[in-house]
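Derivation of every value follows stated rules applied to the coordinates shown; laboratory data play no part. What you see is a predicted model; the values in this text were computed from it and never measured. Note that we place each Cβ from the backbone using ideal geometry, even for glycine, and neighbour counts take in every protein chain shown.
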Amino acid sequence: MAEPIATDPRRAVPPTDALLANPRLAEPQQRLGRALVRSAVRQAQQLVRTGALDPAEVVDAVLRSLPGQATSLTPVINATGVVLHTNLGRAPLSAAARDALVAAAGYVDVEFDLETGARARRGRGTLQALRDALPDAGDVFVVNNGAAALLLATTVLSQGKRVIWSRGEMVEIGDGFRLPDLVESTGALIREVGTTNRTTLDDYRSALRGDAGCILKVHPSNFRVSGFSASVPVRELAGLGVPVVVDVGSGLLRPDPLLPGELDITTALRDGADLVTASGDKLLGGPQAGIIAGSAELVTRLRRHPMARALRVDKLTLAALEATLIGPRPPAATALAADVETLRDRCAAIAAALGAIAEVTPSDGAAGGGSAPELPLPGWAVSLPERFAAQLRTHRPPVVGRVERGVCLLDLRCVPSEQDTTIIEAVRACT
Ligand SMILES: *Cc1c(COP(=O)(O)O)cnc(C)c1O
């Protein structure tokens, strides 16, 4: 009779308690928590049951499968060439902003004056940094995201009144998120003016009779209207006697020669906008946040509205935003301005290391995040057979490329050069 115990994989599965008591799993349990390690243990035990894992290797397999942090969010290498990729968390933070996040993670003087021991204004350092960055603003405020900034502005100015808004600027940002739905949710009534392609100053003028709360101008951030079209610049709306709110979207502080046609906050203020709203994690390159800048009187009204409390940012956002404003150039700006020759040299070095499966090919990146639509960012990519796309995505760390015309492109625009060797190793592991 054959001895069944040694050959039946179920019998050989090491018990959970014994594994959790293994000294090599003590440190991970301290760092990541017992639940995460236990779930990795269960998965490894299951592999032993199916015969896919040798019982002697269970602890090694558990250690290999444990995540680096106690979060299911997995850091990825963005080789898509899209700088502000909404699915990949939009703007990556600078090292300065990451350090600031960590510093603010514990107890911190977010609403406390260390000199006097009294309560202090929340986020005062961040607000000062934003004021310094936007000298044309009477005052500034920060909320959770761009949508929250617009929500607060239209609530304060137009609840129960009308928002005067051009038909050509009633936009959907993405994933079914439509700005008119957001504005109507505040109890404001939308008064549409003009047509899809043309809106004139007279259209606005004739809509102003009655209960106009504000004029809303939305930068068409993710599409372009061309051909027989007309819209009214902020500068002409500013004289109509009703507050003008401009949603610039991208959060660009000043005009950027690399991004012609992208409206910035300073220009909107100089043109006479009473309030400007924008995102913190688009072209500004910081954490998710909603930037509000404008007349001191209106910003104070927004800040004092009860809704502001529900939209307020946490200390981590305040820390990362301040570091983005006063610190070194954020990675998104570096990626947008990446040197084409350097990108090609890096692709050539990676392709040379990988051999016959890889080629170097021109690749147009994009700003993404609903910024600078149709503006191609010429660059280079390493081209691999299409099947690599899925394999690289599930590799650790995941490398997310772009599938185009039946090949997998790894565009290096958003990849820090020190990660080139990680990419080479990832592709080799998938070969
Ligand atoms: C992105 C965008 C928003 C929404 O901003 P979030 O920070 O994503 O909430 C609103 N308006 C415009 C014009 C945008 O481009």
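Side notes on the structure shown:
- When residues of region 245-297 are limited to those that are of a type in the set (S, T, N, Q) and touching a residue at least 60 places away in the same chain (Cβ under 8 Å), the one nearest to the ligand (Cβ to nearest atom): Ser279
- Among residues of region 121-144 that are farther than 16 Å from Ile265 by Cα and free of Cβ contacts under 8 Å to residues at least 12 places away in the same chain, those with a Cβ under 8 angstrom from a residue that is of a type outside the set (Val, Ile, Thr) and away from the ligand (no atom under 16 Å from the Cβ), sequence gap 6+ or separate chain, pair up as Arg121/Glu111; Arg121/Leu127.
- Only one entry of Arg270, Arg346 meets the criterion of being charged (D, E, K, R) and under 22 Å from Ala389 (Cα atoms), and that entry is Arg346.
- Of all residues in region 362-382, those satisfying the criterion of being in contact with a Ser or Thr (Cβ under 9 Å, 6 or more places away or on another chain) and surrounded by fewer than 16 Cβ atoms within 10 Å (Cβ to Cβ) are Pro373, Pro378.
- Within region 348-397, if we keep just the residues that are of a type in the set (Asp, Glu) and over 27 Å from Lys282 (Cβ atoms), the residue that is farthest from the chain's Cα centre (by Cα) turns out to be Glu359.
- Search result, residues across region 23-69 that are under 19 Å from Arg396 (Cβ atoms), over 31 Å from the mean Cα position of the chain (by Cα) and loosely packed, with under 12 Cβ neighbours inside 10 Å: Ala52
- Counting only strands (runs of 3 or more DSSP E) that fall entirely inside region 128-221 and contain at least 3 residues that are under 28 Å from the mean Cα position of the chain (by Cα) and within 16 Å of the ligand (Cβ to nearest atom), the qualifying elements are 139-143, 172-174, 212-218.
- Selection of region 411-425 for residues being touching a residue at least 60 places away in the same chain (Cβ under 8 Å) and out of contact with any Cys (no Cβ under 8 Å at 6 or more places or on another chain) yields Asp411, Arg413, Cys414, Val415, Pro416, Ser417, Gln419, Asp420, Thr422, Ile423, Ile424.
- Residue among Arg413, Arg405 that is in contact with a helix residue (DSSP H, G or I) (Cβ under 6 Å, 6 or more places away or on another chain) and of a type in the set (Lys, Arg): Arg413
- Just one of the listed residues (Phe141, Phe112) is over 30 Å from Pro416 (Cβ atoms), surrounded by 21 or more Cβ atoms within 10 Å (Cβ to Cβ) and in contact with a strand residue (DSSP E or B) (Cβ under 7 Å, 6 or more places away or on another chain), and it is Phe141.
- Sole exception among (1) more than 16 Å from Gly272 (Cβ to Cβ); (2) touching a Pro at 6+ places or on another chain (Cβ under 8 Å); (3) surrounded by 15 or more Cβ atoms within 10 Å (Cβ to Cβ) for Ala212, by number: (2)
- For region 79-120, filtering for residues that are among the basic types (Lys, Arg) and more than 24 Å from the chain's Cα centre (by Cα) leaves 1.
- The one condition from (1) over 13 Å from Trp165 (Cβ atoms); (2) of a type outside the set (Lys, Arg); (3) more than 33 Å from the chain's Cα centre (by Cα) that Ser226 does not meet is (3).
- Residue in region 310-329 that is touching a residue at least 40 places away in the same chain (Cβ under 8 Å) and either in contact with a Cys (Cβ under 9 Å, 6 or more places away or on another chain) or of a type in the set (Phe, Trp, Tyr) (or both) present: no
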